[in-house]
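Asks: I'd like to ask you about the structure that follows.
Every number in this text was worked out from the coordinates using simple rules, so none of it is lab data. Please read these numbers as outputs of a predicted model, since none were measured by experiment. Note: ideal-geometry Cβ built from the backbone for every residue, glycine included; neighbour counts use all protein chains shown.
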Amino acid sequence: MAGEPRGCLASVFGMFSGSASADARDVQRQARPATFLYERTERFLSFAESAFLTALRAAVADEYEIFAKVRLLDLLNMKAGEGRQAAFNRVQAKQLDFLLCERGTSRPVLAIELDDSSHQRSDRRARDAFVEEVLEVIGLPALRVPVTRSYDSPQIARLIRTTISPK
């Protein structure tokens, strides 16, 4: 809109606020090819993941940063050598449900996986075993938590402490 202040990025990219901007976005959405079949999901986390995250936040308080749906690939480096591409391919699409990191440094300290009934399938058990092996190789402890209707934050805190620093 004329006379409205615009930020430097808006000026560079020709963006502005107001209904004209919304109209421009609608036109852009409609102009995409039919093969561009993407739409936003209604939920980033499942109901079980959301419930667990709430309990996890209470369990760790301000001790750790919590990240959800972390790519396994982002937690490791690939060594040079034969088989590197195959090793990359095996981890590239894998993700962890939650990751705890040190505050300030973002150093990963614990991988957390929620296990629902799908983890009883043989393909999921094989995937879980592979992920656990990778985590062991890179020296990142893992905690598996069964999905339940509710979670006990003090119990989760105890499991985290035990897993991070076993006696």
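Asks: Would you work out the charge dipole size for segment 47-164 about its Cα centre, treating the Cβ of every Lys and Arg as +1 and the Cβ of every Asp and Glu as -1, and quote it to the nearest 20 debye?
Replies: Using Cβ point charges on Lys, Arg, Asp and Glu, segment 47-164 gives about 180 debye.
Asks: While we're looking at this one, here's another question. Give me D for segment 45-106 in µm² s⁻¹, whole number, from Stokes-Einstein with Rh from the Kirkwood sum over alpha-carbon pairs, 25 °C and 0.890 mPa s.
Replies: Here the translational diffusion coefficient equals 182 µm²/s.
Asks: Share of Cα-Cα pairs in segment 30-167 beyond 22 Å, in percent?
Replies: 46 percent
Asks: Please report the spacing between the Cα centers of segment 105-128 and segment 152-167 in Å, no decimals.
Replies: 17 Å
Asks: Sticking with this one: How much net charge surrounds Val137 when only other residues with a Cβ under 13 Å from its Cβ are counted (Lys, Arg +1; Asp, Glu -1)?
Replies: The answer is -1.
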